[in-house]
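Undergrad: Mind having a look at this structure? Questions to follow.
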Amino acid sequence: MERNSSDDEEDHQHLIPQNDTRIRHREDPISSTATTTGGNERSAFQIEDILQRVQRRWKISLNKRYVIVFVSLIISIGLLFLLTDPRELFSANFSSFKLDPLSNRVKESELSALYLLRQQQLELLSLWNGTLVNPSLNQSENALGSSVLFEDVKSAVSKQISLSKEIQEVLLSPHRTSNYSGGTEVDSVNFSYDRCRNVDQKLSDRKTVEWKPRSDKFLFAICLSGQMSNHLICLEKHMFFAALLDRVLVIPSSKFDYQYDRVIDIERINTCLGRNVVVAFDQFKEKAKKNHFRIDRFICYFSSPQLCYVDEEHIKKLKGLGISIDGKLEAPWSEDIKKPSKRTVQDVQTKFKSDDDVIAIGDVFYADMEQDWVMQPGGPINHKCKTLIEPSKLILLTAQRFIQTFLGKNFIALHFRRHGFLKFCNAKSPSCFYPIPQAAECIARIVERSNGAVIYLSTDAAESETSLLQSLVVVDGKIVPLVKRPPRNSAEKWDALLYRHGIEDDSQVDAMLDKTICAMSSVFIGASGSTFTEDILRLRKDWGTSSTCDEYLCRGEEPNFIAEDE
């Protein structure tokens, strides 16, 4: 069915009148306005039409601007990603949102620095108080402590310089970066000062004699005074006599003296000299049987209170060994044990020279002969070892194993002699027997000076005394451990060598083991008047382990309480 144009026109007018209006406006705006009725109506319709056209134009324009801005933004972001590392970009953008811990680190460093400054103040105050001289002390006592005071001051100043540097490090630590090179001219200077350093023994200044004995001339050593330590010191002096008199030294039999071969290596002495200079009693006996087994001449170094310090009982012991003694005991001079005279090498060579094959000299422990030679490191005889008389290899190894097990490298050794020492010390002036609290204070001062971690205790004191001492040795609010050799425990292997060779229960082996451990310590505190201490000091001197902090217990002090005599 066909529709005419008039029908289409009518539909158009009824269905879309607004479109028709818009089309007419576009086609003839002037006529459109002219056909409106009334002047005001025409003006209003004209303004409305203009506004509608402006809005349509700006709408199109704004849409284009949004597109341009969006495209520009995409291009900018793309270029930014191409030219930079995204990780750096995001870290830079978001770092401002993270909390910076610098302020917290600064506060912590300041508190640490304040604590260290407080410690430095206390140390300097202690140093100041320690330098004040007590006017009540006499001049000699002040002079005695002057060298010790100087060492203490140097050590304290060194510690304060180190502490000052530590404070600087603490304050600077929050501000340091990975590129910080730091350091000042002062930092390159080494201010370290070892207060308890090893003593320079000046071995190049030693005065020695050669020991080149005739193989058929012998010197029989007589050592009877005191215990093992006295005998070892006596034996060393006999070596000096034998060297001066060109004789082989005969080590006494264990039936007459101690069993020396359990505690020292006799054959090692010959190795140190490179020739046979000493001989064990049994070897001497075998050689002497071919000719005669006797002492041709018995010379006494001391004439009083008793010749040779030998009584009838010891003479019987010598004869019981099968040795005959020709002649009587004789003394070449008048010499008292209580007041020994200073003697020289020439005195000995003149008074003790003899053509006899076997002579005996006794007892020379108290002899005051060339003490500067005898007391020098290594002794008065030229040899290639550190010392001639030292602990046997078994004892040395056992001591090293004990130190590795219980003590470590930096330890203090204390010889705390008590048994029988009260009466002995009170007979001396000043006394050397100190109350436990006073002894603990003296020990604590040395611990502070040396920074020792533990103390090895060599003592004959009762458990009641050592327990009290342990509770009182306190440094910086902490008790310093006192370590003694424990009873035998099969789970511990440090002493296995002694058991393997059957010498674990020998009292002299125990004593020599104690000496060896003490001689290997960083710092040694000895007992004044004890030959046990003196033998330890000899070993430390010869081994080069002597420390500037080594000293007798409470040196320069008198006991703060002394009991009356009986």
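Undergrad: Using a 1.4 Å probe and ignoring any ligands, DNA or RNA, find the accessible area of residue 504 and quote it in Å² to the nearest 10.
TA: 40
Undergrad: What are the extents of the Cα atoms of segment 252-372 along their three principal axes, in Å, largest first?
TA: 37, 34, 29
Undergrad: Please report the accessible area of residue 323 (heavy atoms, 1.4 Å probe, ligands and nucleic acids excluded) in Å², nearest 10.
TA: 10
Undergrad: Once you sort the root eigenvalues of the Cα gyration tensor of segment 447-546 as a ≥ b ≥ c, which label holds: rounded (a/c under 1.5), prolate (a/b larger than b/c) or oblate (the other case)?
TA: Oblate shape, in that a/c is at least 1.5 and b/c is the bigger or equal ratio.
Undergrad: Explain nothing, just the number: dipole magnitude of segment 259-309 about its Cα centre with +1 on each Lys and Arg Cβ and -1 on each Asp and Glu Cβ, in debye rounded to the nearest 20.
TA: Numbers: 9 positive and 6 negative charges, 46 e Å.
Here segment 259-309 has a charge dipole of around 220 debye.
Undergrad: Calculate, in nm to one decimal, what residue 268 and residue 106 gain on full extension: separation in residues at 0.36 nm each, minus their alpha carbon distance.
TA: So the chain would gain 51.9 nm between residue 268 and residue 106.
Undergrad: Using R₀ = 30 Å, calculate the FRET efficiency as 1/(1 + (r/R₀)^6) where r is the Cβ-Cβ separation of residue 475 and residue 427; round to 0.05.
TA: On the way: r = 33 Å, r/R0 = 1.11.
After rounding to 0.05, the efficiency reads 0.35.
Undergrad: Just by accessible area at a 1.4 angstrom probe, what is the order of 478, 515 from largest to smallest?
TA: Putting 478, 515 in descending order of accessible area: 478, 515.
Undergrad: To continue, here is another question. How would 482, 472 line up by accessible area, probe 1.4 Å, largest first?
TA: Values: 482 30, 472 70 Å².
In descending accessible area the options line up as 472, 482.
Undergrad: Using Cα centres only, tell me the gap between segment 205-231 and segment 541-566 in whole Å.
TA: So the two Cα centres are separated by 29 Å.
Undergrad: Sorted by accessible area (1.4 Å probe), largest first, how do 317, 328 line up?
TA: Largest accessible area first, the residues go 328, 317.
Undergrad: Computed FRET efficiency, Cβ-Cβ of residue 321 and residue 451, R0 60 Å: what is it to the nearest 0.05?
TA: 0.70
Undergrad: For residue 401 and residue 200, what does the FRET efficiency come to when R0 = 25 Å and r is the distance between their Cβ atoms, rounded to the nearest 0.05?
TA: Once rounded, the FRET efficiency stands at 0.25.
Undergrad: Same structure, new question: Ignoring everything but the protein chains, give the 1.4 Å probe accessible area of residue 204 in square angstrom, nearest 10.
TA: Approximately 110 Å² for this residue.
Undergrad: With the contact rule set at Cα under 8 Å and sequence spacing of 6 or more, what percent relative contact order holds for segment 223-333? Can you show the working numbers first?
TA: Numbers: 110 pairs, mean separation 26.0, N = 111.
Relative contact order of segment 223-333: 23 percent.
Undergrad: Separate question: Could you list, in their original order, any pairs among 339/386; 207/386; 212/386; 317/393; 237/351 whose Cα atoms are separated by more than 22 Å? Walk me through the numbers before you get to the answer.
TA: Details: 339/386 32 Å; 207/386 15 Å; 212/386 19 Å; 317/393 30 Å; 237/351 16 Å.
Check vs 22 Å cut-off fails for 339/386; 317/393.
Undergrad: Something else about it: Calculate, in nm to one decimal, what residue 484 and residue 212 gain on full extension: separation in residues at 0.36 nm each, minus their alpha carbon distance.
TA: Contour length minus Cα-Cα distance gives 93.6 nm.
The values are calculated or read from the model by the stated rules, or taken from the named source; none is laboratory data. A quick note: this is a predicted structure, and the numbers were derived from the prediction, not measured. Here the Cβ is made from the backbone with ideal geometry for all residues, glycine too, and neighbour counts use every protein chain on show. All accessible areas refer to the heavy atoms of the entire protein, side chains included, with ligands and DNA or RNA removed. Shrake-Rupley method; radii C 1.70, N 1.55, O 1.52, S 1.80 Å.
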